[in-house]
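Everything below concerns the one structure shown next.
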Amino acid sequence: METAKYDAITFDVYGTLIDWEPAILTALGNWAKANKVDATAADLLDAFDRARAHYQALMPGRDYRRILRSAYSYMANEYELQADAQERTDFGDSVCDWPAYIDSVTALNRLKEKFVLGAFTNMDDASFAHSHARLGNCFEIIVTAERVGSYKPSLRHFVVGLTDLAARGIPPERVLHVAQSLRADIRPANLLGQDVVWINRKDRGLGHSGFGAELAVPMATYPSMESFVADFLG
């Protein structure tokens, strides 16, 4: 990649910059243990991923906290159990507690010195605000699912975000997208002809299957934001 080719970098936030999987797995693991559900961590993560994708496609206008609550109920039904109302609510509200990866803020601060930064996220506005604060409020362009009324892998995030950047004089060919999700980001970026980098963090798997994920082709792959920025900026 040639750094000089780009004026803006956009990001998939959750999984790329915010480390959400451990919190999700802890909640689901506690639920499985309490209800004597015989399922591995991989089983639970796969069931959750399918459940959230189902509701994102079925109800694109539903905010992400409600998507999480619906996914919780969906999983309980899959294992023929009743979902505890308070646990369901707590699961939906857990977004505010998800931490940033240890390398995210430093990497974003380095990139912000040279590029306009944008976030293309499936989160709702209020929940994303908590994560944005954890990341140092670094994004100038913010496209949430609430704003566009849909969830990735729909292309609306990209169309709206690229339009925002074009209004600043930055054309699509001068934008690099950086993401963890093959399904929600890498493949849609491919379909639009956007340059895209895959941050494939160790032991993280949400967004790696379904809805064309197997067709995703990143131009480069890195195990962390730290390694990406070190190579990209030199």
Check: With respect to ALA39, is the statement that it is surrounded by 13 or more Cβ atoms within 10 Å (Cβ to Cβ), assigned by TED's automatic domain parsing to the domain that holds GLY92, over 25 Å from ALA213 (Cα atoms) and of a type in the set (A, V, I, L, M, F, W, C) true?
Finding: no
Margin query: Looking at the stretch 208-230, I want the residues that are buried (at least 18 other Cβ atoms within 10 Å of the Cβ) and have a partner that is small (Gly, Ala, Ser) and at pLDDT 95 or above with Cβ atoms under 6 Å, at least 6 apart or on another chain. Which pairs are those?
Written below: MET225/SER104; MET225/ALA107; VAL229/ALA107
Notebook entry, point to check: In the stretch 184-202, how many are among the charged types (D, E, K, R), in contact with a helix residue (DSSP H, G or I) (Cβ under 8 Å, 6 or more places away or on another chain) and in a loop (DSSP other than H, G, I, E, B)?
Noted result: 0
Next item on the list: Give the residue that is farthest from TYR14 (Cα to Cα), with candidates limited to residues of the stretch 59-83 that are touching a helix residue (DSSP H, G or I) at 6+ places or on another chain (Cβ under 8 Å), without any contact (Cβ under 8 Å) to a residue 12 or more places away in the chain and surrounded by fewer than 16 Cβ atoms within 10 Å (Cβ to Cβ).
Entry: GLN82
Check: If a residue has to be touching an Asp or Glu at 6+ places or on another chain (Cβ under 8 Å) and basic (Lys, Arg) to count, how many in the stretch 164-200 make the cut?
Finding: 1
Margin query: Any residue that is surrounded by fewer than 17 Cβ atoms within 10 Å (Cβ to Cβ), of a type in the set (Lys, Arg) and modelled with pLDDT under 95 - is there at least one of those in the stretch 176-183?
Written below: no
Note to self: Against the definition (over 13 Å from the mean Cα position of the chain (by Cα) and at pLDDT 95 or above), how does ILE141 come out, yes or no?
What the structure shows: yes
Check: Residues of the stretch 1-36 being of a type in the set (D, E, K, R) and modelled with pLDDT under 95, which ones?
Finding: GLU2, GLU21, LYS33, LYS36
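The values are calculated or read from the model by the stated rules, or taken from the named source; none is laboratory data. None of the values given here were measured: they were computed from a predicted structure. Note that we place each Cβ from the backbone using ideal geometry, even for glycine, and neighbour counts take in every protein chain shown.
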